[in-house]
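> Handing you this structure, nothing more for now.
The values are calculated or read from the model by the stated rules, or taken from the named source; none is laboratory data. Since the structure is predicted, the reported quantities are computational estimates derived from the model, not experimental observations. Cβ sites come from the backbone with ideal geometry, for glycine too, and all protein chains shown count toward neighbours. The protein model used for the area step is the full one, side chains on, heavy atoms only, and it has no ligands, DNA or RNA in it. Shrake-Rupley method; radii C 1.70, N 1.55, O 1.52, S 1.80 Å.
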Amino acid sequence: MRALKSRIDDSTFELNLAPMLDIIVSIIPMLLLSVVFTRITVIDTPVPQAVEQAVAAANEKNKDLIQVRMAVAKNRNVQITIVDHGQSKDYEVAALNAKTDLDGLYKQVLAIKKDYPDVFRVELNPEESVPLEEIVAVMDSVRTTKSSDKKVVFTDSTTGKPVETNLLLPDIIFGNVAGG
Amino acid sequence: MALGRRRGMGKYIDKRVASTFKIQITSMVDMFVILLVFLLKSYSTSPVNINPSDQLTLPASSSTKDPTEVLKMVVSKTGIFVDDKKVVDLKDGALATGDVDSNDTQFIRALYSELDEQVKKSRTIASQNSELEFDGKVIMQAERSLPYDILRKVMYTSMMAGYSDVKIAVMLKE
């Protein structure tokens, strides 16, 4: 009976939280100093290494043969021109409520990628009055596939093996900068 | 009488229990742990910290590429800044006629001079330190409502100065 009483006494103890509190109080000011509430990133090509080489090879191969140009007009219509071995095809995505139809543009680019899976570079030519936010939105909608859609499969020209990627047209260059 | 009262007080003080007490800190620790988890989630591991100014609203994008340590250029509605130094005045996002070259309307002379200085500085550093090299990269933080016209002029001038790899800074869309 005495042993049981002793055991009950042992099982009740107070946890000493003071050292833990000391650590937390030291860490919190450090974290508060380095906290970021808005993360700034840059628009670039987020390509994994293996895919990056295949994309670079595909871009090099198609440099003069297949070119994709995308013009954003001031009325927000987007015109996509594909020059395939000298023959040109045009697709137009009409504006929706005076804004670029981003969903329509994405669907159009997805359809184009079915015909040209190894094309990753697009020449973007916005008109002078198009604001930056609209240009960034266009770039976002043509960069990658949505998670609900199937990935793009293309053949790596160096290894001959099929490569699966969620990239559509990630290599975006402003075509009309140097044009003056 | 007074002595009697003092004696009574002394009696009371003697009877008092030693003044040791424990603060109940469990709830405070709970609060700190919640705060710690929140701060750890928003902790930045990026070596480059870009703080956009109050007058600048960056466009939102889904791009997750972290910025690297390169030259920073800001294009706001009030001016063009290179490494926090104002080089060109803008009036509501528009350039004055005298700021552009008369023969080439895309060329911003003051911006070119500053960028050219930066190129010379970077090349001098690169010649002294073999680990560093001038790669012509620049991060452009631009106001989201600015038209492509001004951005094109900035990009064109940067390209002429040797900064051909212009990266557009954006705010990550959550």
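> Considering the stretch A:157-174 alone, what residues qualify as being open to solvent by less than 30 Å² (accessible area, probe 1.4 Å) and part of a loop (DSSP other than H, G, I, E, B)?
A:L168, A:L169, A:P170
> Given the criteria at pLDDT below 90 and farther than 30 Å from B:Q141 by Cβ, does A:F154 qualify? Break it down into steps so the answer makes sense when it comes.
Numbers: at pLDDT below 90: yes; farther than 30 Å from B:Q141 by Cβ: yes.
Answer is yes for this residue.
> Identify the residue in the stretch A:37-54 that is open to solvent by less than 30 Å² (accessible area, probe 1.4 Å) and modelled with pLDDT of 60 or more and, among all such residues, is farthest from the other protein chains (Cβ to nearest Cβ). Outline the logic, then answer.
Within the stretch A:37-54, the subset open to solvent by less than 30 Å² (accessible area, probe 1.4 Å) is A:40-43, A:47, A:51, A:54.
From what's left, modelled with pLDDT of 60 or more: A:40-43, A:54.
Details: A:I40: 4, A:T41: 5, A:V42: 4, A:I43: 5, A:A54: 19 Å.
Out of the qualifying residues, it is A:A54.
> Something else now. Checking the structure you have, find out if any residue of the stretch A:103-120 is modelled with pLDDT of 85 or more, open to solvent by 10 Å² or more (accessible area, probe 1.4 Å) and closer than 18 Å to B:I168 by Cβ.
no
> Of the conditions (1) open to solvent by 30 Å² or more (accessible area, probe 1.4 Å); (2) outside any strand (DSSP E or B); (3) in the same structural domain as A:H85 (by TED's automatic domain parsing); (4) modelled with pLDDT under 90, A:G179 clears all except one; give me its number.
(3)
> Go through the stretch B:30-44 and give me each residue that's at the interface with chain A (Cβ under 9 Å from one of its Cβ atoms) and modelled with pLDDT under 85.
Residues satisfying the conditions are B:S42, B:Y43, B:S44.
> Testing A:S34 on (1) farther than 24 Å from A:K151 by Cβ; (2) modelled with pLDDT of 85 or more, one condition comes back false. Which one is that?
Here A:S34 meets the rest and fails (2).
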